[in-house]
Amino acid sequence: MPWKLALKTTMPTYGEFQGMDKLYFMEEIEVKFLDINPEKIQEKLKDIGAEKQGEYFYRRRIFDYPDLRLDKEGAWIRLRDEGNKITLAFKKRIGIKAHDGKYSDSGMKEIEIEVSDFDKTGLLLEQLGFIEKFYQENKRIRWVKGDIEFDIDFWPKLNPYLEIEAPSWDKIDKAILLLGLDKKDKKIFSTQQVYRLKGINEIDYQKMTFGGFVKKKDNS
């Protein structure tokens, strides 16, 4: 009796994504400090012995189902070109208290893989039935001290902010203390919520770049 290869040709359901939690998802342990002075932060990073890793330009495409069911659950699919590598990730906010950025979440779940081609991976997602919610660009300066990453992020129409990522919340607290920052000012949420604080809803735009924003066409 010949073997048969069964191929799944339909999109995974959101429930199937949830079912992968215990096997593949990792908690993203990071915090943000908004409206920083990049020069002063970099001086502090030098003082604590952190090393500058480089400056990067990122471009990303955010995908969802046509009915935006991921967005309604605080989740999304991100395809990102980081210059030296391309990643595909599923991200989901944990402990959502608000969508407007006034309150922090509890954290973020993420599963990420590397892919070889930005454009082809985007085409693959579209052929599977996902749609692009929007395209975004940002710039990043990365510093590292041990296993702690300090990213100074620049986004169109936002003030620079600092993102600290570490293997544990204890190390996050130590990093905050080293930089002389106030723990009360830390934010645990996505860039989407930073934009919401500025009155900008990403879902209203097709492109968000340093060259300008392009609003989605009204098909009503």
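The values are calculated or read from the model by the stated rules, or taken from the named source; none is laboratory data. This one's a predicted model, so the numbers in the text were calculated from it and none came from an experiment. Note that we place each Cβ from the backbone using ideal geometry, even for glycine, and neighbour counts take in every protein chain shown. Accessible surface areas use protein heavy atoms only, side chains included; no ligands, DNA or RNA. Shrake-Rupley method; radii C 1.70, N 1.55, O 1.52, S 1.80 Å.
Here Y135 meets each of (1) open to solvent by 70 Å² or more (accessible area, probe 1.4 Å); (2) out of contact with any Pro (no Cβ under 9 Å at 6 or more places or on another chain); (3) aromatic (F, W, Y) with one exception, condition (1).
Restricting attention to segment 168-199, the residues that are over 30 Å from F134 (Cα atoms) and either in contact with a helix residue (DSSP H, G or I) (Cβ under 9 Å, 6 or more places away or on another chain) or not aromatic (F, W, Y) (or both) add up to 16.
Determine if segment 62-77 includes at least one residue that is touching a residue at least 12 places away in the same chain (Cβ under 8 Å), farther than 24 Å from E27 by Cα and out of contact with any strand residue (DSSP E or B) (no Cβ under 8 Å at 6 or more places or on another chain). For segment 62-77, residues touching a residue at least 12 places away in the same chain (Cβ under 8 Å), farther than 24 Å from E27 by Cα and out of contact with any strand residue (DSSP E or B) (no Cβ under 8 Å at 6 or more places or on another chain): absent. Taking each residue of segment 108-135 that is in contact (Cβ under 8 Å) with a residue 60 or more places away in the chain and within 22 Å of E73 (Cα to Cα) and looking for partners that are part of a strand (DSSP E or B) and among the small types (G, A, S) with beta-carbon atoms closer than 9 Å, six or more apart or interchain, yields K109/A75; E110/A89; I111/A89. The single condition among (1) touching a Lys or Arg at 6+ places or on another chain (Cβ under 7 Å); (2) under 25 Å from E202 (Cα atoms); (3) at pLDDT 95 or above; (4) open to solvent by 30 Å² or more (accessible area, probe 1.4 Å) that P66 does not satisfy is (1). Taking the criterion of being assigned to a helix (DSSP H, G or I) and either loosely packed, with under 12 Cβ neighbours inside 10 Å or on the phi > 0 side of the Ramachandran plot (or both), the residues of segment 175-203 that qualify are L177, K183, K184.
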